[in-house]
């Protein structure tokens with residue numbers, strides 16, 4: 001009986017030693033294989049990148065790592081600057097290599113109705129003539145600015161004096177949907193252009209208080225005491241140096 005027990009114990013010890021030797025050998029083989037192997041720097045996702053994330057914002061989600069070239073997927077991103085103007089077409093999970101194929105033009109994402117609403121924001125829609133919407137060039141996924149003009153009445157000696165004030169009220173507003181835009185047909189013999197008076201409806205994402213401010217301008221557009229013009233902005237847009245313009249400084 002004692003002999004059997006001793007034999008079982010010896011067998012377990014030998015099995016454990018064998019497993020240790022095998023694991024050590026495999027790890028050593030991997031290390032030997034990596035030595036001298038050609039390495040390539042690859043961007044690896046550290047935190048899930050949400051759908052619709054602009055390419056310019058991807059850097060905060062990834063880390064540059066080195067791995068054997070044979071393990072690098074085809075079409076990896078080698079320069080984050082190449083992602084400018086593009087957006088993520090679907091969530092990219094941690095551990096994935098950053099691939100060019102995972103980024104598309106914002107217009108393509110918008111065509112699927114997939115421009116997401118940033119956390120904490122709400123959607124609101126409004127309509128303007130095409131000449132107030134950069135001639136109809138604005139697309140879902142773009143960022144826009146709002147230049148507003150208000151006409152406050154200033155009490156004069158005998159009658160009210162109108163002195164309009166024009167100024168930027170918003171910058172970097174995300175457009176999630178555009179309706180009423182003429183889509184060019186590349187096969188058409190004669191191209192149709194957006195008419196200046198054509199109505200274009202935009203849906204945008206804003207915080208709660210900013211929606212109140214935007215609706216104020218929208219109400220003024222129809223009421224005649226405020227006017228709205230939109231600008232098309234991007235990552236390179238310089239929004240510094242703006243200031244309210246009135247009749248006293250319009251020609252300065």
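FYI, it's all coordinate maths here, none of it is from the lab. The structure presented is a predicted model; accordingly, all values stated were derived computationally and were not measured. Every residue, glycine as well, gets a Cβ built from its backbone with ideal geometry; the counts of neighbours run over all protein chains shown.
Overview of values
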{"read-out": "Ranked list, fewest to most other Cβ atoms within 10 Å of each Cβ, for 143, 63, 177", "value": "63, 177, 143"}
{"read-out": "Centroid-to-centroid separation of region 208-231 and region 60-80 [C-alpha atoms, Å]", "value": "46 Å"}
